[in-house]
Amino acid sequence: MKRYFFFLFVLTALSLSGQGFFSPPVDSPEISKDGAVTFKVKAAGADTVRLIIDTRVDTLMKHTGNETWSITLRDLEPDLYMYYYMVDGMKVLDNENAHTLRDVKSVMNTFVLDPKGDCPMAVHNVPHGEVRAVWYDSPTLNKQRRMMIYLPPGYEQGHQRYPVFYLLHGSGGDETVWLEQGRAAQVFDNLIAEGKAEPMIVVMPNGNVDEQAASNMSAEGNVQPTFAHKNWMDGTFEQSFNDIVTWVDKNYRTRDSKRYRAIAGLSMGGYHSLYISANQPADFAYVGLFSAAIGRMDQGKCTIYDDLEGKLVTQFKQHPRLYWIGIGTDDFLYKDNTAFRQMLDQNRLRYTYHESGAGHEWANWRDYLVIFTQLLFK
């Protein structure tokens, strides 16, 4: 009987090998020392294969024989990249690359390009901080909620107190997204090690008040990720934000004053940062709006959104040390941000403005994080 099963296994293996099951693996992506990246994919019988990288690259691959398609890109900047293939119009992941990330419900392969060893998003041989997933009680929301906290290198061994940076995500994100797609821990590790940023505690909460935590991380069970959430931009998160600040100040060695507190966020998180800081002008000395979703929602439902212009005038009379705005020229929110800056200008409210290329995408937000972080707590 054992011989029979062994013989059956050999026949099955030989059959599968004829279908490419045991064919040599394709090394993809190949990253050369000069930063060139070669992608290869096996797609037997395909008519067209395209490589899609974030929103930055959409290009045809070449059929190079042996059922393999490939392309080499030589002009990619050091950064984190997410990609997939389109094989005859169907999305296909790179099975030769085990590294993937999720963007809302879309899963893509990923790699970090760091040919010169100076990309702030890459892991370098520097002292590393600690990232904790913690649960806190939110009396305002009447539920336990999860957030991520970055502690700088040496926190556990020391006794000093640290400034706090509250870093907020956008629509479709959660408490993990700044760490995964934003590479926040690597950015803080590298900037602190290079002396370009002050050691700080970084708090990354979940801005979706209808859920406890990221998908599959809470008692709610197998909840599928979604772009739109209940109460996402209606004032509920802003009203509950002090639950987070209070818990962090109680449980960590923080410098709990305005001078040592910053808040910033991307898209929806920029919207939240705008209104939290405008309604609490005595609490945040540093404010960062990364492609902020200004003017995107009905703001007549909550007093949090009343008289923004008047609140901003009051906020700036209390002299924030930095009010930073970043936006890409191709961002669909560019006009809204331009109108917002015109309002600030009309009221002679001083801010720092950074305009980049491209649109509403992580390549910009990671850069904004690097720039903004170096300006904090100086």
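Residues considered: ASN231, ASN222. Of these, the only one that is on the phi > 0 side of the Ramachandran plot and under 23 Å from the mean Cα position of the chain (by Cα) is ASN231. Over 22 Å from the mean Cα position of the chain (by Cα) and either β-branched (Val, Ile, Thr) or not in a loop (DSSP other than H, G, I, E, B) (or both): does that describe ASN190? No; evaluated as a whole, the condition is false for this residue. Hey, does region 234-242 have a residue that's in a loop (DSSP other than H, G, I, E, B) and within 19 Å of the chain's Cα centre (by Cα)? So far as region 234-242 goes, no, none of its residues is in a loop (DSSP other than H, G, I, E, B) and within 19 Å of the chain's Cα centre (by Cα).
Could you check, for region 337-344, whether at least one of its residues is assigned to a loop (DSSP other than H, G, I, E, B) and touching a residue at least 12 places away in the same chain (Cβ under 8 Å)?
no
Could you tell me whether GLY172 is crowded, with 22+ Cβ neighbours inside 10 Å, not in a helix (DSSP H, G or I) and not hydroxyl-bearing (Ser, Thr, Tyr)? Against the criterion (crowded, with 22+ Cβ neighbours inside 10 Å, not in a helix (DSSP H, G or I) and not hydroxyl-bearing (Ser, Thr, Tyr)), GLY172 does not qualify. Being at positive phi and either crowded, with 21+ Cβ neighbours inside 10 Å or among the hydroxyl-bearing types (Ser, Thr, Tyr) (or both) is the filter here; which residues of region 280-334 pass it? SER291, the sole residue that qualifies.
Only one residue in TYR150, TYR155, TYR136 is within 16 Å of the chain's Cα centre (by Cα) and of a type outside the set (Asp, Glu). Which one?
Checking each option against the conditions leaves just TYR150.
The residue of region 123-146 that is farthest from ASP210 (Cα to Cα), among those that are buried (at least 18 other Cβ atoms within 10 Å of the Cβ) and of a type outside the set (Ser, Thr, Tyr), is GLY129.
Every condition in (1) open to solvent by less than 50 Å² (accessible area, probe 1.4 Å); (2) modelled with pLDDT of 95 or more holds for GLN160 except the one numbered (1).
Of all the numbered requirements in (1) open to solvent by 30 Å² or more (accessible area, probe 1.4 Å); (2) touching a residue at least 60 places away in the same chain (Cβ under 8 Å), LYS91 misses one, and that requirement is (2). Tell me whether region 105-112 contains one or more residues that are hydrophobic (A, V, I, L, M, F, W, C), more than 26 Å from PHE241 (Cβ to Cβ), surrounded by fewer than 16 Cβ atoms within 10 Å (Cβ to Cβ) and within 17 Å of the chain's Cα centre (by Cα). The answer is yes; a qualifying residue exists.
The values are calculated or read from the model by the stated rules, or taken from the named source; none is laboratory data. What you see is a predicted model, and the numbers here were worked out from it, not measured in a lab. A quick note on method: Cβ atoms are made from the backbone with ideal geometry, for glycine too, and the neighbour counts reach across all protein chains shown. Note: areas computed on protein heavy atoms with side chains; ligands, DNA, RNA excluded. Shrake-Rupley method; radii C 1.70, N 1.55, O 1.52, S 1.80 Å.
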